[in-house]
Amino acid sequence: MQDYESKGKDVDSAKDDASSQTRDRPEDGEEDSADIPTTAGSKEIRSQRRHIEVLMRNIDKPIDIASAKVQKGIKAPPEIVLNVRGSSAGAGSSDFHTYRNQRRKENLRVQLMEKEAAEDEARDTFGNELASLKRKDDEKTAKNRAKRQKRKQNRESKN
């Protein structure tokens, strides 16, 4: 408000100027370029909007949707090992580093396989325990149901 007072405009004329600049919102289905945000991500938003418009123009065309990402794992060891000497006598200066990297990769692969095997075993054990508990619970429920039925029949026979 101070800006308008310093320029010689009064507050009421400033409000009138602001209200004259507002526009009516577009109807449904109409696009308004002023609605596109001008933030840092607006370029991506415009790109997405264009992509969606192209897809909507060709509505009969099938769309390829990316499948779920494949679980990352360690690659299988190579079939042919080029470095057969390792860190033995007579090896070159770079052979040890190559050997060490191959050994590290193989150890990681073995650890991953052991971890997966342990998880599978834990999952199986849990499933077996869960099934056992459910079976015991069902047996107990059946036993209690039989008791209730017997008591009900005894009450009915007395009456």
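The values are calculated or read from the model by the stated rules, or taken from the named source; none is laboratory data. Not measured: the values here are computed from a predicted model. Every residue, glycine among them, receives a Cβ derived from its backbone with ideal geometry; neighbour counts consider all protein chains shown. When the accessible area is computed, the model is the full protein with side chains, heavy atoms only, and any ligands, DNA or RNA have been set aside. Shrake-Rupley method; radii C 1.70, N 1.55, O 1.52, S 1.80 Å.
For the reader, a short list of remarks on this structure follows.
- When ILE74, ILE65 are checked against the criterion of being modelled with pLDDT under 90, of a type in the set (Val, Ile, Thr) and touching a Lys or Arg at 6+ places or on another chain (Cβ under 8 Å), ILE74 stands alone in meeting it.
- Yes/no for GLU44 being at pLDDT 80 or above, more than 26 Å from the chain's Cα centre (by Cα) and not in a loop (DSSP other than H, G, I, E, B): no
- Inter-residue pairs, beta-carbon under 6 Å, first in a helix (DSSP H, G or I) and in segment 104-130, second aliphatic (A, V, I, L, M) and open to solvent by less than 100 Å² (accessible area, probe 1.4 Å), 6+ apart: LEU108/ILE74; ARG109/ILE74; LEU112/ILE74
- From the options ALA131, ALA91, residue that is modelled with pLDDT of 95 or more and open to solvent by less than 100 Å² (accessible area, probe 1.4 Å): ALA131
- Flag if GLU156 is open to solvent by 100 Å² or more (accessible area, probe 1.4 Å), among the charged types (D, E, K, R) and at pLDDT 95 or above: no
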